[in-house]
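Read-outs: derived from the displayed coordinates by stated rules, not from any lab. Keep in mind the model is a prediction, meaning the values are calculated, not measured. Neighbour counts run over all protein chains shown; Cβ positions are idealised from the backbone, glycine included.
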Amino acid sequence: MSNLVKRKSRQLKRRPLGLFLVILAWSLTMGWLLASTTSAYSATPASEISTVDVVPAQYQLGQELYLDNCSTCHIALPPAVLPTQTWKNLLEDSQHYGAQLKTLVDPPRILVWRYLSTFSRTKLKDEATPYRVNNSRYFKALHPQVDLPRPVQIGSCVSCHPSASDYNFRQLSQEWEK
């Protein structure tokens, strides 16, 4: 009888360890699967992303309207290069850098605003609202060690970003690829 009791106690000791290993393996597998399916970058490889950021479906129409309205006259800037307050002021004002524009009306204005406000950045409390990219600390931060021409003009983006007119700021000229 004592051998039978010893065998059963060994089997009970092994079961918790086996159960723990099964739960651990299951947890790791589920975590890996969830991470790979919820990550925007795993769903779309970086080589296939031609715009600045992966834009979720709820903002894509706003992005399209932004590009349709802005890139007809000049290269559309990524929202991240100017603070949110600048974009708000630009959307509300019909005076646009010396040109009189017809302002957007709702609902397109709301869709563009949602896109711009989501992908732009906040400004500091004491910071002046920049209306030129060369005055934006975000633009400067995105271009470290770049000797920018004075004044920086939106059209000069193409010299370093040859596909900027297609809203592709990821591709750089050969000079900057190095």
Q | Estimated FRET transfer efficiency when R0 is 41 angstrom, pair Arg109-Trp32 (beta carbons, to 0.05) | A | 0.45
Q) Short version: ³J(HN,Hα) in whole Hz for each residue of the stretch 106-122, in order, from phi by Karplus 6.51 cos²θ - 1.76 cosθ + 1.60 (θ = phi - 60°), x for Gly and Pro, what are they? A) 5, x, x, 4, 5, 5, 5, 4, 4, 5, 5, 5, 6, 9, 8, 10, 7
Q) Taking θ as phi - 60°, what are the ³J(HN,Hα) couplings along the stretch 64-74 by the Karplus curve (6.51, -1.76, 1.60), each to the nearest whole Hz, with x for Gly and Pro? A) 4, 5, 4, 5, 4, 8, 9, 7, 6, 9, 8
Q | Estimated vicinal HN-Hα couplings, Hz - the stretch 142-148 in sequence order (Karplus 6.51, -1.76, 1.60; Gly, Pro = x) | A | 7, 10, x, 6, 10, 7, 7
